[in-house]
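Read the figures in this text as sums done on the coordinates, not as results from a lab. Worth saying up front: this structure is predicted, and the values here are computed from it rather than measured. Glycine also receives a Cβ, built like all others from the backbone with ideal geometry; neighbour counts cover every protein chain displayed.
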Amino acid sequence: AKQAAAAKAKNAEEVPVKIAETEEAKKVRLALEAETKAKLEEEAKEATAAAKKLAEENEARWKEQEAERKAKEKEVVHLTSSKYAQEAEDKSDSADESGRRRKKKKAPADRNARGRNNGRGKGKTLSSPDSLKHGFTKPVETKVQDIRIGETISVAELANKMAKKGAEVVKAMFKLGAMATINQVIDQETAALVAEDMGFEVVLVKENALEEAVLADRHHTGIEITRAPVVTIMGHVDHGKTSLLDYIRKAKVADGEAGGITQHIGAYHVETGHGMITFLDTPGHAAFTSMRSRGAKATDIVIIVVAADDGVMPQTVEAIQHAKASDAPIIIAVNKMDKEGVDIERVKSELSQHGVLSEEWGGEVQFCHVSAKTGLGIDDLLDSILLQSEVLELTAVVDKMASGVVIESKLDKGRGPVATILVQEGTLKQGDIVLCGLEYGRVRAMRDENGKDIQSAGPSIPVEIIGLSGVPQSGDEATVVKDEKKAREVALFRQGKFRDVKLARQQKAKLENMFASMAEGEISEVNVVIKSDVQGSLEAISDSLLKLSTDEVKVRIIGSGVGAITETDATLAAASNAIVVGFNVRADASARKVIESENIDLRYYSVIYALIDEVKQAMSGMLAPEFKQEIIGLAQVRDVFKSPKIGAIAGCMVTEGIIKRSAPIRVLRDLVVIYEGELESLRRFKDDVAEVRNGTECGIGVKNYNDVRVGDQIEVFETIEIKRTL
């Protein structure tokens, strides 16, 4: 008992000492971090200054070389090294230049004509050769070869056209700040820069001459008249988007939808007492973003519905980000105003944190207080829409061949490919030939949003058409043309071109290429989408990245949030040419599909400084060989057993890839990393094994970690070094 009391007293004395040590260590760590940060910023500034200085030095050297070349051209060229011969040559040249040509004496009329071949030929006299002159003429300047470059070209093809080695072209591209391999497809602009840098004249060739001819052969005459505004309704799930539209349409639509989520994109044109308005009701924001990413501006005004009782929710923030990215004016509809105890000022305050300021608070965004249940404020909302449309001055020509944009498309069992098109210009009629992205066809039938057959549709009218050769992409441009045969040729050409363009787009958002292309002035800002496991990390990363911005390079965070990377984040990144950064979080299955199909640059980090340092190194142009973590396997924990020797053993089913005993692992819970380490053991039945493949069960012991639970995921990865080659 005395020993226990003594030990307790000793521990009580040691605790304050340990706390003091911890605080001191914390201060030292913070000081070291600040010092490291300042040092890295200084290094980045020095690297920028060195690059500018190098460019200035090179420019001066190039001017000097050009002046030397011109001076050499003006110098007198002698064909011999003898001093006396040079003087004689100069004397002869000056005599030739200054001396007049002697006139030939006229021959007398009675001169003997002998030796003239009876007057039929002329006597020839050979001039005495000058010993100092060669038998060839020195060329004045080098002949510059013209090369023709199409919309896309591989590095190997470009080298063949210039009669150069592939390695020389790759080296020239590297000097210009672009990395490429010999078989990589590059775009027209990059190829032209490389060819001009290597001393060739470039002729840019448009391969879509047929497409331009078909699209040019359309009627463009007609008078512009005011058209109805196209309004997209967005907002959080169950905040009353469809109910609001339902009240305006005076039709019961919301009742038939499962769980209050819109099952399809509804496009409706509504005749109100104030004029006609076309509404797009979106199920999520993916369709809206994909249309914008393909360059189709389908909407004029965005209404964001916010429930007065709930306030700003995650999808509300996403809707604001999408609306701002599309540059469309925003109207906020504060719904559910019929409920008691709603706080409007709280909603305004929450929205102001995301850059949406009401007119009352000195901003530009209109706020309308509405109730989809009682109809409160609906007239004010319609007035706001029409007022905004008057400011935008929306016009369209009715009497011309139609053009529009695909809002949605599907493959119907009975009717074949069906596309919903929003007509933007002209009048679409039954029987018209439509060129629609990679597809074409004659309009066999047209229906409005109520399913009624119609014969024609004017500007701002959504219509469902049947008769296309295939299912077009959402956001594709739909254009009426004259000749069906030519429309088919254009569609086939586009399908062939689609693959080439996809290859050329592969490096569009790679981090290294972004900063390299900035040196050429191609882009002046980098778009980033950040997702983190906790809010604190998110704020720290955002602040650190924004501080890296300089006068030449801006880092723009277009989206951020806490939790797993979702499909919405991926589509936003694809639309804005952004890189996606995950800090201790992973992408879900639907997001991974979008990331793979759109070739988005996705990066995972677990240390903030690794993230900051890599971006800073890329900005300074000092990227070392690239290391990428490739996930090789994923196992789902089905049960957990306790072992006296090892500790917790997870009974797992391998759901993806292969589990290797030697590879490092991460334990994920709800798609958030909770532990990173290595395997203690890997067993199949009672045998120790080196690896387990997809679809089989195994027992996994995680080294130094016993808190594995049922439902966790064990992710196995390998670190691969990618060496850069010229």
Quiz item: What order do you get for 49-56, 446-453, 710-717, 329-336 when each peptide is scored by the mean count of other beta carbon atoms within 10 Å, highest first?
Solution: 329-336, 710-717, 446-453, 49-56
Practice problem: Can you run the Rg to Rh ratio on segment 403-500? Use alpha carbon positions and the Kirkwood inverse-distance Rh. | Solution: 0.95
Practice problem: Give the Cα extents of segment 296-391 along the principal axes, in whole Å, largest first. | Solution: 41, 28, 25
Self-check item: segment 628-722 - convex hull of alpha carbons, volume per residue in Å³
Solution: 91
Quiz item: How large is the dipole of segment 358-437 about the Cα centre if only Lys and Arg carry +1 and Asp and Glu carry -1, each at its Cβ, rounded to the nearest 20 debye?
Solution: 780
Quiz item: Do the alpha carbons of any pairs in Lys410/Lys593; Lys52/Lys171; Lys429/Lys482; Lys241/Lys348; Lys241/Lys429; Lys485/Lys593 sit beyond 24 Å of each other, and which pairs?
Solution: Lys241/Lys429; Lys485/Lys593
Practice problem: Starting from the coordinates of the alpha-carbon atoms of segment 146-204, obtain the Kirkwood hydrodynamic radius over all distinct pairs and give the value in Å to one decimal. | Solution: 10.9
Quiz item: In what order do Trp62, Trp361 fall by count of nearby beta-carbon atoms within 10 Å, going from fewest to most?
Solution: Trp62, Trp361
Self-check item: Full-stretch length increase - Thr550, Glu626 - with 0.36 nm per residue and alpha-carbon distance subtracted
Solution: 24.9 nm
Self-check item: Charged-residue dipole, Cβ positions (Lys, Arg, Asp, Glu), segment 403-500 about Cα centre, Debye nearest 20
Solution: 360
Quiz item: What percent do you get for the relative contact order of segment 628-722 when only Cα pairs under 8 Å and 6+ apart count?
Solution: 41
Quiz item: So which of Lys531/Lys554; Lys250/Lys373; Lys53/Lys628 end up more than 22 Å apart by C-alpha?
Solution: Lys53/Lys628
Quiz prompt | Mean Cα-pair separation over length for segment 146-204, i.e. relative contact order, pairs under 8 Å, 6 or more apart, % | solution = 49
Quiz item: Contour minus end-to-end for Gln455 and Gln86, with contour as 0.36 nm per residue of separation and end-to-end as the Cα-Cα distance?
Solution: 123.7 nm
Exercise. Compute the signed sum of charges (Lys and Arg +1, Asp and Glu -1) over the other residues within less than 10 Å, Cβ to Cβ, of Ile632.
Key: -4
Quiz item: Can you sort Val317, Val28 so the residue with the fewest Cβ neighbours within 10 Å comes first?
Solution: Val28, Val317
Exercise. Give me Asp187, Asp601 ranked fewest to most by other Cβ atoms within 10 Å of their Cβ, as a rough exposure proxy.
Key: Asp187, Asp601
Self-check item: Two-site label geometry, Tyr609 and Val202: point separation in nm, points 7 Å out along Cα→Cβ
Solution: 4.3
